[in-house]
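The values are calculated or read from the model by the stated rules, or taken from the named source; none is laboratory data. Not measured: the values here are computed from a predicted model. Here the Cβ positions follow ideal geometry from the backbone for every residue, glycine too, while neighbour counts run over all protein chains shown. Ligands, DNA and RNA are excluded from the accessible area calculation, which covers all protein heavy atoms including side chains. Shrake-Rupley method; radii C 1.70, N 1.55, O 1.52, S 1.80 Å.
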Amino acid sequence: MVAAEEIIGSRIKRREDPRLITGEAKYLEDIQLPGLLHAAILRSPHAHAKIKKIDISKAAKHPGVIAVYTGKDFADVNPMPCAWQAGKVKNNVNTPRVLEIDRVTFTGAGVAVVIAEDRYTAQDALELIHVDYEVLPAVVDAEKATKAGAPQLHENAPSNIALEWTCGTQESTDRALKEADVVVKQRMLNQRLIPTPMETRGCIAQYQAATEEWTVWMTSQAPHVMRLLMTAFVFGVPETKMRVISPQVGGGFGAKIFLYPEYCLMVALSRKIGRPVKWMETRSENYIATTHGRDHITEIEVGAKKDGTITALKVNTYANLGGVLSTIAPGIPTTLYGRMLSGTYRIPNIFCHVYGVYTNTGMVDAYRGAGRPEATYVIERAVDLVAHELGLDPVAIRRKNFIPPDAFPYDPVILNGLKYDSGEYAKALDLALKMLGYESFRKEQAEARKQGRYLGVGFSSYVEICGVAPSAWIGLPGEGWGAGLWESANVRVHLTGKVVVTTGSQSHGQGHETSVAQVVAGELGIAVDDVIVQHSDTLGTPFGYGTYGSRSTAVGTVAVYNSLQKIKEKAKLLGAHMLEAAPEDVVFEDGKVFVKGSPDQSKTIQEIAGAAALAYSLPPGMEPFLDNTSYYDPPNCTFPFGTHICVVEVDKESGEVKIKRYIAIDDVGKVINPMIVEGQVHGGIVQGVAQALWEGAVYDDNGQLLTGSLMDYAIPKADFFPTFETDRTETPTPVNPLGVKGAGETGTIASTPAVVNAIVDALSPFGVKHIDMPVTPPKIWRILQGHGG
Amino acid sequence: MYPSNFDYQRAASVAEAIQKGASDGAKFLAGGHSLLPALKLRLNEPESLVDIGRLDALRGISISGSSLKIGALSTHAQIASSADVKKHAPALASACGQVGDPAVRNRGTLGGNLAHADPASDPPTVVLALGGKLHLQGSGGNRVVAAEDFFLDLFTTDLHPGELITAVEIPSIGQAKSAYVKMAHPASRYAVVGVCVVLEVSGGKCSQARVAVGGATPKATLSAAAAKALVGSSLDDAALNAAANALIGDLSDVMGDVYAPEDYRRAMAGVYLKRAVRAAMG
Amino acid sequence: MKVSIKVNGTLYEREVEPRMLLVHFLREELGLTGTNVGCDTSQCGACNVHLNGQVVKSCTCLAVQADGSEVTTIEGLKTNGHLHPMQEAFWEKHGLQCGFCTPGMIMTSVALLQSNPHPTDAEIRHGLEGNLCRCTGYQNIVAAVKAAAEIK
Amino acid sequence: MELTGSHTFEADQQTVWTLLMDPEAIAKAIPGVKELIPIEGEEMTWRAAAKVGFAALSGHYAGIIKMSEVEAPNQYRLTVNGEGQQSVISGTALIKLTYHPEKNETLVSWDAEANISGKLASLGQRLIGAGANVMSKQFFHELAKQLPTQ
């Protein structure tokens, strides 16, 4: 067994794995209930249309069909709420209904539902519904949608603008650009991505008429928030009337944060029909009906002095938000994007202007990294563009502009009062360069070019924002978030000394049952196996805002830690009582309470827990049991950082790109379980590299998703990658007592510009300065055709 | 993910299969790896399926004379790992080893694949380059059709309703060199472009050549012009460039899609021809 | 139509519609829900099982096609209550995160080692080309397969 | 999606024109269509139901076929709207006839704009363009088979 003081920071095998490697885990699809019915949803084949008439008569008569409904049957159910609107500006909000009633604004919007005894039958009946549409012209490009003459999606959103938001100062930025020695302008696209967790979405709702209560199982990253939104906002019933359970969830990457119409539809159906109803999304449905990510059209202007000092950055972005707004859609391209544009650099003047735009495409919301990958891509490409313009080395220009270690806490001004917590950016870069062998690489590159082989190296020195909080920041000064952002935990030490932790955050692959148990075991000096971590059920766990934005460790686990401190305090009081010592004379170490200097005479935490539970003899005024609930609202966010380096070889004839090396140095603060952090980094890198090279949702001009399946949308496979070379620096955050920053998104945030920078570097002999993602072989080939390639 | 209803009949003999397969709305089911994906999406709603998957008469890989005879129900995995195929038609073994993924190769059959005639699948290109012949059996009797006459258009073959591929005959390449190389689509792994070459070389010169391209055109296509450019050369860079240009000029009806536009596919046919020749010559 | 299929050593006889996919037969008729469905175009490999000893996609096979066959699912991999070395290796090497692709990934990996007991990293990566994982970045899966090869 | 193509009919222009305007012949040339039923009150408009089968795709479609902009015997517009399998196929083609007296051949060329929506569009991207071309070629090929024997 690992010694108590070493548990935090150890590679402990995951405790959730035995049920996952044996097939015993119960995902939503695996749940069966007596009398369970199955729903199938008819979706609009048109991106923009009026619904004139729906004929359900044939479908309703199909054998095995229980009922068929259209949007009109749920006219009394509120539309989905939009819980995070852009701060301090007007948001022209339009959100989906459980089923659309008279108009659809994207292909895939639900218009009718069949409920049947089994899913094959439900699908059979779906084909018997006839919908009469009046097809309207569509627009899919966010910039074009704002121009005169574009089809208009919503009456309350002139020029299809859902929101127009700025941060930074326009005047000083314009002035600095005017005064700069060089100004580089670039238009760049951050293409739309489809999150694609391996488990699609699903929901089961069961209604008990006698008590008017629901139990709802859903594939959610935030069960407490789902309950709140469904009861208080969509159905107008007391929150206490619903229990929401996230069973084993097969990945989320952001797409399972939101309140989707299908979930509310199941809730409504279970009440209407009086039997439990299940809907499980197919993959093709997932591609058109679950949220997408990114999709920015951006123009940047960056100003610098001749020596490479960056003096100004001006960014104008059209963020495509889809046909209707998803739950927190407006927050992503505003707070989480614009406010992070300074990156790891001291940039005195920044101005960012964002249009959030409606188009006839699927909803766009948070996807792994959510805003920060887009910001990091902008700034890391910008730095390379300036270096190229000035003939500087990309490493040198980064060093020149880095925020130095002694400048922390650092206020990048555009963060609306928040400060970067801690950072040693050059240290991470140096370690990465050492792993690469930069000088010898440049020699190899020069030699290769002589032979007609094109190698390139790309750098990305990133910083991101994790553990988004504090509530007072996100809520009050106008960041627009419609909720607080603290997390909660309850820790109970049972009579037998076994510990049960309940937490309001939710795990869907991150390994909380292990990492949280490590913190408990380490703090209480007990075995990891003596700790059980329960989550994902609103019954029996304290309220929490859920798992996203790498916040479960930086916020949720700190709540656990705080509860443990309070439990230790109480244990000390009781231990002192049991030892007949004065409380101020005892200490808690290695799971034991003893008088300072006399460890031989001690009471173990198990003994103390037993005494607390039996309560035969407690100090005066002490309540029985070791039990504490904490609510942690951090004073600041955390800011992980690092440097990623990618080495590529580009085939000049075909445009094919081979990743030769990938180096990642991340600093996520203190690490609770290095194995879990490495896993998060690997997975993150793959998703970011995939954006650079392969993935991209493509709509045609009529709003049809042409990449509607895994046949066309390229989720990377094992043989697309070399073995990643990873390491860490460790700069603890002063923000929380654990010193942890968050590791869930670093890989995705850092990797995309590293890959694109490498490809541009490889192609620099042809005068290439920029290529838009995904950098596919045909795209490179076409560029080389025009550059004498 | 939930196919529509159909009648299912399991054929006990080739004759029975042919008789049942001739009825309107019937489809043959072998490994099912072309058909079932469409069935699951309800993009194909046949009235009946005739399962030929248990017809032992359609199995087996054998050598007769200087030809390989590959039963139509041979799976891609069986072909890819067959010592006989590796010896006499190594490009076919290689192509079958590149179809889909291991699980697909374990179920998907050569006969089903060729009957489906997906332009982006690997085996048709190779069977064409190797001069393969398809043995067909239908209500009108047996016939043998050369691969170049079998593939008519996109997903369109010379098969008559109810007619089955029973076997594929591939002449041994003997001392000739061959290779199949492809640019795989990153999502589907279908060929964006796939090129197969068969080269006879004597005295350092190419004396005979066959070049077939798949993926780029609605059906796998032989290029006489590319072959002609290789014949007589020592397969040096100049000859390869000439052959690539000849191939590019020889292709008509090149397909384009969201991933790879027409001009790119055309250019890649040339690039991959050069790679195929280099791979064949080792 | 009546089918009899031996699954994890037990013979099951059921009356099914011909259109029922093998994966639905396993999950819904037999309650063996360890095998997951991750796509509908036969690409992701989450549903991979062994059919007569070979790895196949159970979503691309009708139950009636498997009539008379032997199927092994993730639930049948343990012997005498002990984890299969591949299961141990995935656990040990952190070869999974959300776990949804894991049963199919493990079934493919077991078959991979049966045909190639000592694969290189490149052979492992190539052998897993039909199994998508969205969490791990594959690196620890490759490590797990390698570790399992060493145990055997 | 733009589709263009042409087909040479070995017949004089009037014969080809008559064929192209014959709903029964058109019905026969569309795979799976049994007959076209005129829609009352609408000029040159027919309702059709088809069991369409192409490649690995097959399914039931219902649709409307309309002829307009008729300039006998030189050109007309053929508009097709069909739906089935949670997909919608719509297209409009301007069909032009050019007679070559020296060979007694009539060249029929088409310039079409086609849109495919729903499941077919999102799942069949790889093959839609090529498939539509093949199907339009097949249509005129089948139509040509119905020319009166000379």
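Please give me the summed charge of the neighbours of residue A:326: other residues whose Cβ is under 14 Å from its Cβ, Lys and Arg +1, Asp and Glu -1. Within the 14 Å Cβ shell, the charges total +2.
Given Cα positions, please report Rg to Rh for the stretch A:47-132, the hydrodynamic radius being the Kirkwood one. That ratio is 1.08, to two decimals. Basic side chains Lys and Arg get +1 at the Cβ, acidic Asp and Glu get -1 at the Cβ, and with that the dipole of the protein assembly as shown about its Cα centre reaches some 1320 debye.
The relative contact order of the stretch D:2-145 comes to 27 percent, based on Cα pairs under 8 Å that sit 6 or more residues apart.
Dipole size of the stretch C:2-74 about its Cα centre, with +1 on Lys/Arg Cβ and -1 on Asp/Glu Cβ: approximately 120 debye, rounded to the nearest 20. Taking a straight line from the alpha carbon of residue B:87, these aspartates and glutamates sit under 17 Å away, with near neighbours fewer than eight places off in the same chain left out: B:169, B:200. How many percent of Cα pairs in the stretch D:2-145 exceed 26 Å? For the stretch D:2-145, the fraction of Cα-Cα distances above 26 Å is 22 percent.
Here the accessible area of the stretch D:86-150 is 58 percent carbon and sulfur, with a 1.4 angstrom probe and all protein chains present. One equal scatterer on each Cα of the stretch A:700-789, no solvent, Debye formula: the resulting log10 I(q)/I(0) at q = 0.16, 0.22, 0.24 Å⁻¹ is -0.95, -1.21, -1.27. Summing Lys and Arg as +1 and Asp and Glu as -1 over all other residues whose Cβ lies under 11 Å from the Cβ of residue A:134 gives a net charge of +2.
Once the Cβ-Cβ distance of residue A:211 and residue A:232 is raised to the sixth power relative to R0 = 30 Å, the FRET efficiency obtained is 0.95. Only Cα pairs under 8 Å and 6+ residues apart enter the sum, and on that basis the relative contact order of chain A stands at 16 percent.
Taking only protein heavy atoms and a 1.4 Å probe, the accessible area of chain A is 51% carbon and sulfur. Across C:126, A:62, the residue with the most accessible area heads the list, and the full order at a 1.4 Å probe is C:126, A:62. Any chance you could count the Lys pairs in the stretch B:177-280 whose alpha carbons are under 15 Å apart, treating pairs 8 or more apart or on different chains as valid? Summing the qualifying lysine pairs gives 5. Determine the share of the stretch C:85-151's accessible area contributed by carbon and sulfur atoms, expressed in whole percent, with a 1.4 angstrom probe. Looking at the stretch C:85-151 in its full context, I get 55 percent from C and S.
Put a dot 7 Å past each Cα toward the Cβ at residue A:769 and residue A:58; how far apart are the dots in nm? In this crude label model, residue A:58 to residue A:769 measures out at 5.9 nm.
Accessible-area loss of 40 Å² or more (1.4 Å probe, protein heavy atoms, chain alone versus all protein chains) is found in the stretch C:22-47 for C:24, C:27, C:28, C:33, C:38, C:40, C:41, C:43.
Taken one residue at a time, the phi angles of the stretch B:236-253 give Karplus couplings (6.51, -1.76, 1.60, θ = phi - 60°) of 7, 4, 4, 5, 5, 5, 5, 5, 4, 5, 4, 5, 4, x, 7, 7, 10, 6 Hz. Gly and Pro are set to x.
Taking amide H as placed 1.01 Å from N in the peptide plane, the amide H of residue B:72 sits under 5 Å from that of B:167, B:168, each at least 5 places away or on another chain. Taking amide hydrogens as placed 1.01 Å from N in the peptide plane, the amide H of residue A:332 sits under 5 Å from that of no residue at least 5 positions away in sequence or on another chain. Estimated at the nearest 10 Å², the accessible area of residue B:234 is 60 Å² with a 1.4 Å probe. Using the Cβ-Cβ distance between residue A:89 and residue A:701 with R0 set to 30 Å, the FRET efficiency works out to roughly 0.50. Taking every protein chain into account, the accessible area of the stretch B:177-280 amounts to 34 square angstrom per residue (probe 1.4 Å).
For the residues B:251, B:136, B:36, a GNM of chain B with alpha-carbon springs under 10 Å puts the largest fluctuation on B:36. Dividing the mean sequence gap of close Cα pairs (under 8 Å, 6+ apart) by how many residues the stretch B:177-280 holds gives a relative contact order of 29 percent. The accessible area of residue C:17, taken with all protein chains in place and a 1.4 Å probe, comes to roughly 80 Å². Listed values for the stretch A:294-310 are Karplus-derived 3J(HN,Hα) couplings in whole Hz (6.51 cos²θ - 1.76 cosθ + 1.60, θ = phi - 60°), namely 6, 6, 10, 10, 10, 10, 10, 10, 10, x, 8, 7, 4, 7, x, 5, 7, and x replaces Gly and Pro. Adding -39500 (n - 2.57) for every DSSP H run of four residues or longer, then dividing by how many residues chain D holds, sets the calculated 222 nm ellipticity at -8000 deg cm²/dmol. For the pair D and A, the buried accessible area comes to roughly 1200 Å² in total, with a 1.4 Å probe and the value rounded to the nearest 100. In this structure, the residue pairs whose Cα-Cα separation is over 29 Å, taken from A:58/D:51; A:400/A:670; B:27/D:119; A:572/C:93; B:20/B:86, are A:572/C:93; B:20/B:86. The ellipsoid that matches the Cα gyration tensor of the stretch A:386-468 has semi-axes, each √(5λ) in whole angstrom, of 32, 14, 11, with the longest given first. Output the 0 to 90 degree angle, nearest 10, between the alpha-carbon long axis of helix D:125-145 and the longest principal axis computed from the alpha carbons of chain D. Computed tilt is about 30 degrees.
Accessible surface for the stretch D:2-145, divided over its residues, is 47 Å² per residue with a 1.4 Å probe. Compactness ratio for the stretch B:177-280: Cα radius of gyration over 2.2 N^0.38 Å (N = residue count) comes to 1.01.
Projected over all directions and averaged, the alpha-carbon convex hull of the protein assembly as shown occupies 55.4 nm². With a simple spin-label model that places each label point 7 Å from the Cα along the Cα-to-Cβ direction, the separation between residue A:36 and residue C:115 comes to 3.5 nm.
A quarter of the convex hull surface defined by the alpha-carbon atoms of the stretch A:270-313 gives 7.1 nm² as the mean projection. Translational diffusion coefficient of chain A (Stokes-Einstein, Kirkwood radius from Cα pairs, 37 °C, 0.692 mPa s): 119 µm²/s. Calculated mean residue ellipticity at 222 nm for chain A: -8000 deg cm²/dmol, from DSSP H runs with n ≥ 4 weighted as -39500 (n - 2.57), summed, divided by the residue count and rounded to 500. Calculated FRET efficiency, residue A:169 to residue B:262, Cβ-Cβ distance, R0 = 41 Å: about 0.25 to the nearest 0.05.
For the stretch C:114-130, a reduction of at least 50 Å² in accessible area between the chain on its own and the assembled protein chains (probe 1.4 Å) is found at C:125, C:129. Tell me the label-point distance for the pair residue B:149, residue D:146, using the 7 Å Cα-to-Cβ offset, in nm and rounded to one decimal. Going by the 7 Å Cα→Cβ label model, 3.1 nm. Pairing chains B and C buries close to 2600 square angstrom of accessible surface in total, based on protein heavy atoms and a 1.4 angstrom probe.
Between chain C and chain A, the total buried accessible area stands at approximately 4400 Å², from heavy atoms with a 1.4 Å probe. For residue A:49, the amide hydrogen comes within under 5 Å of the amide hydrogens of A:104, A:136, counting only partners 5 or more places away or on other chains and with H modelled in the peptide plane.
3J(HN,Hα) couplings calculated from phi for the stretch A:273-289 with the Karplus curve 6.51 cos²θ - 1.76 cosθ + 1.60 (θ = phi - 60°) are, in sequence order, 8, x, 10, x, 10, 10, 10, 10, 5, 7, 5, 5, 5, 4, 6, 9, 10 Hz; Gly and Pro show x. Once you reduce the stretch A:722-789 and the stretch A:72-127 to the center of their Cα atoms, the two points are 37 Å from each other.
Think of a 1.4 Å ball rolled over the protein heavy atoms: chain A then has 32 Å² of accessible area per residue.
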